[in-house]
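The values are calculated or read from the model by the stated rules, or taken from the named source; none is laboratory data. This one's a predicted model, so the numbers in the text were calculated from it and none came from an experiment. For neighbour counting, all protein chains shown are included, and Cβ atoms are generated from backbone atoms with ideal geometry for every residue, glycine included. These accessible areas exclude ligands, DNA and RNA; they are computed on the full protein's heavy atoms, side chains included. Shrake-Rupley method; radii C 1.70, N 1.55, O 1.52, S 1.80 Å.
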Amino acid sequence: ETAPPPPQASLLSTLLALPSLGAETATAMSAPLAEEKPREFDGKRVLVVRHGEGFHQLKGYAPKEGDLLGPELTNKGKEQADAAQKMIASELQRLGFQEASLDMLVVSSNLLRAVHTALLLKEGKSKVLVHPALRERILDSRDEPSELNHLREWLMDREYDERVDLGLYEQALIEAGSKATDFASMELHEIYLRSCRASDLKGDAWNAKQNKEMLQERAASFTHWLEEHSCQVAVLVGHACFLGMLTGDKEWLENGEVRSYSLQQGYYTRLSKASSKEVARLPRPAPAPSAAPNIGSVGVSGLIPATGVGRGFPFARWSGVGAAAPPPMRPRGSLIPRPSR
């Protein structure tokens, strides 16, 4: 019996007509609705990597006027990416996976320093999928995504263009442009940046506070997409603030650091922290716990359609290395009911 077409079939047909979108993008976009391959372990394994050191982290850094690409990796940042590659291989071996035959998804944010790190992690192997939802939360220009055409030119100059799928990023730009009604004279990238700032910040002031509710929603949506993907293992290359928000892990993530999690029913459970000479040994102090905000009667369906109870929300409990994991707790600020014990 023929299965009904996925809900986004018409959208995919439209986007595939674009010259820069192809089969790779279609596969990635339709993956959440595809039937997952049977797995012998509980949950999906997720390896989280913070990008290597960028020039924006150096003392005295000042962005160049008109720079739409963003800061690149320093030499130290490239070395950190190489070290992270070895840590990932070691962690996969520890988990019992054979890297050569592994169905592994490598996802990067749409910032240059994360894309470059992801490419160095899997030199000449897996294709890197750029997912705009994995971008850093925006506080200033250093957090802004790289402009699509500038990023594509950077990749082509280094012969990386065949190894990176930018289709989801292009889709995000199209969606931002289609929603803009009063920015006819603006470039598409600036329209997209405005939509990112409006989502991440409360107001336009230079000292505007971050919009935690919208950041949580973006993290939840990405978690749902990732958990429904058919891959066995996912490698996420991103940024300290948003990755911490995604996993619920309060320990500061250093440049090039690799952490291993199990993702199941919307919850990330920390498995290990790979060691590296490039990683600081002392974590930053964790913030004091705060009470869950009163968010009223917003239901799960209002956040992510058809995710179901206990799915798609990223603020998870964290179990320390070697410690017994407690029963799932209701995450701070969660929109889902407390899971049954």
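Return yes or no: is residue 77 open to solvent by 10 Å² or more (accessible area, probe 1.4 Å) and under 21 Å from residue 258 (Cβ atoms)? No: the conditions fail for residue 77. Show the residue pairs meeting these rules: Cβ distance below 6 Å; 6+ apart or different chains; first residue within segment 152-178 and open to solvent by 70 Å² or more (accessible area, probe 1.4 Å); second residue at pLDDT below 95. That search, which allows pairs on different chains as well, returns nothing.
If I filter segment 109-143 down to residues being under 18 Å from residue 79 (Cα atoms) and assigned to a loop (DSSP other than H, G, I, E, B), which single residue comes out as modelled with the lowest pLDDT? Reasoning before the result, please.
Of segment 109-143, the ones under 18 Å from residue 79 (Cα atoms) are 112-124.
With assigned to a loop (DSSP other than H, G, I, E, B) added as a condition, the list becomes 122-124.
Numbers: 122: 76, 123: 66, 124: 61.
Applying the filter and picking the extreme gives 124.
Could you please find all residues in segment 197-211 being touching a residue at least 12 places away in the same chain (Cβ under 8 Å) and open to solvent by less than 30 Å² (accessible area, probe 1.4 Å)? Residues satisfying the conditions are 199, 200, 201, 211. Has segment 224-235 got any residue that is at pLDDT below 95, touching a Gly at 6+ places or on another chain (Cβ under 9 Å) and either assigned to a loop (DSSP other than H, G, I, E, B) or open to solvent by less than 30 Å² (accessible area, probe 1.4 Å) (or both)? Checked against the condition, which is being at pLDDT below 95, touching a Gly at 6+ places or on another chain (Cβ under 9 Å) and either assigned to a loop (DSSP other than H, G, I, E, B) or open to solvent by less than 30 Å² (accessible area, probe 1.4 Å) (or both), segment 224-235 yields at least one hit.
Within segment 261-268, one or more residues are more than 22 Å from residue 110 (Cβ to Cβ) and touching a His at 6+ places or on another chain (Cβ under 9 Å). Which condition number does residue 142 fail, the rest of (1) open to solvent by less than 80 Å² (accessible area, probe 1.4 Å); (2) touching a residue at least 60 places away in the same chain (Cβ under 8 Å); (3) touching a helix residue (DSSP H, G or I) at 6+ places or on another chain (Cβ under 7 Å) being met? The failed condition is (1).
Residues in segment 144-188 that are touching a His at 6+ places or on another chain (Cβ under 8 Å) and acidic (Asp, Glu): 147 only. Selection of segment 95-120 for residues being charged (D, E, K, R) and in contact (Cβ under 8 Å) with a residue 40 or more places away in the chain yields 103, 113. Can you name the residue in segment 83-98 that is out of contact with any strand residue (DSSP E or B) (no Cβ under 7 Å at 6 or more places or on another chain) and not in a helix (DSSP H, G or I) and is also most open to solvent (accessible area, probe 1.4 Å) among such residues? That would be 98. A single member of 243, 215, 263 is surrounded by 18 or more Cβ atoms within 10 Å (Cβ to Cβ), out of contact with any strand residue (DSSP E or B) (no Cβ under 9 Å at 6 or more places or on another chain) and hydrophobic (A, V, I, L, M, F, W, C), and it is 215.
Going through (1) in contact with a helix residue (DSSP H, G or I) (Cβ under 6 Å, 6 or more places away or on another chain); (2) open to solvent by 60 Å² or more (accessible area, probe 1.4 Å); (3) at pLDDT 95 or above one by one, residue 63 falls short only on (3). For segment 47-82, the set of residues classified as over 19 Å from residue 151 (Cβ atoms) and part of a helix (DSSP H, G or I) consists of 57, 75, 76, 79, 80, 82, listed by residue number.
Taken together, the criteria exclude residue 178 from residues that are of a type in the set (Ser, Thr, Tyr), at pLDDT 95 or above and either more than 28 Å from residue 104 (Cα to Cα) or part of a helix (DSSP H, G or I) (or both).
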